Amino acid sequence: MSNVGFILLLIATIGDLVIPFFLAPFCKKYNHLTMVMSLLGNHNSPIHLIYNLWLIAAGIMLIHGSLKLYAIYLPTSNILSKVLLFCVVFYAIGACILSGIFSVGETKTLTTLPEKIHGYGSVLGFFVLTFIPLIIGIVSIHSNDIVCSVMSFIFFALAIMFFALFIMADKARFENTIISNEGIWQRLSLFCMYAPIIIVSFKNIFMK
């Protein structure tokens, strides 16, 4: 079987974590610690077009790669493989493709239709993505891949913790505390959500 799908998964997931660090220097006021990645795609950002095109491309790669995840886990669990496919595709459309087409505003007030589509798409997409480590952990048990299963469960627990901190970050009572650094929590939660996909992709490319 071709490994193109797994390669696209690696490009999309690792790229999504790394690319903001390469683009941020072109935005003088951007702060990785306190700002979410989607602000790089704000219409006032000098690199908004590049970042938004990347989001769309990443979403397309994730959708294509999700078919490989579905295929390898289908013999193990018909239901879980379909749930995994749904979660990846839902995230790819909501938090990547739609977010790339409809730019985020400079503030969190969702006043325009594009801002609402971006905001709700991102939130729902991230929420669904949170459960991917759990699904991969469960299906890995059934396929007797204990190491991948344990690692996925650990990443799931960490993803829940970091995502909770990310949600709490903009609350007034946490202002000027370490919890207010939502940029950190977004990146850490995203890494934990992506990690099992990265592990599975590496194993299927280089260890089979």
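The values are calculated or read from the model by the stated rules, or taken from the named source; none is laboratory data. Bear in mind that the values here come from a model prediction, so they are computed numbers and not experimental data. Don't worry about glycine lacking a Cβ; one is built from the backbone with ideal geometry, like all the others, and counts go over all protein chains shown.
Being basic (K, R), farther than 27 Å from L8 by Cβ and part of a helix (DSSP H, G or I), is that true of even one residue in region 185-204?
Taking every residue of region 185-204 in turn, none turns out to be basic (K, R), farther than 27 Å from L8 by Cβ and part of a helix (DSSP H, G or I).
Does region 133-150 include one or more residues that are over 17 Å from V88 (Cα atoms), without any contact (Cβ under 8 Å) to a residue 12 or more places away in the chain and outside any helix (DSSP H, G or I)?
Within region 133-150, one or more residues are over 17 Å from V88 (Cα atoms), without any contact (Cβ under 8 Å) to a residue 12 or more places away in the chain and outside any helix (DSSP H, G or I).
Return the pairs, sorted by first residue and then second, in which the second residue is modelled with pLDDT under 90 and surrounded by 19 or more Cβ atoms within 10 Å (Cβ to Cβ), the first residue lies in region 12-41 and is of a type outside the set (G, A, S), the beta carbons are less than 6 Å apart, and the residues are 6+ apart or on different chains.
Correct list of pairs: C27/S45.
Has region 139-146 got any residue that is crowded, with 19+ Cβ neighbours inside 10 Å, farther than 22 Å from I167 by Cβ and aliphatic (A, V, I, L, M)?
yes
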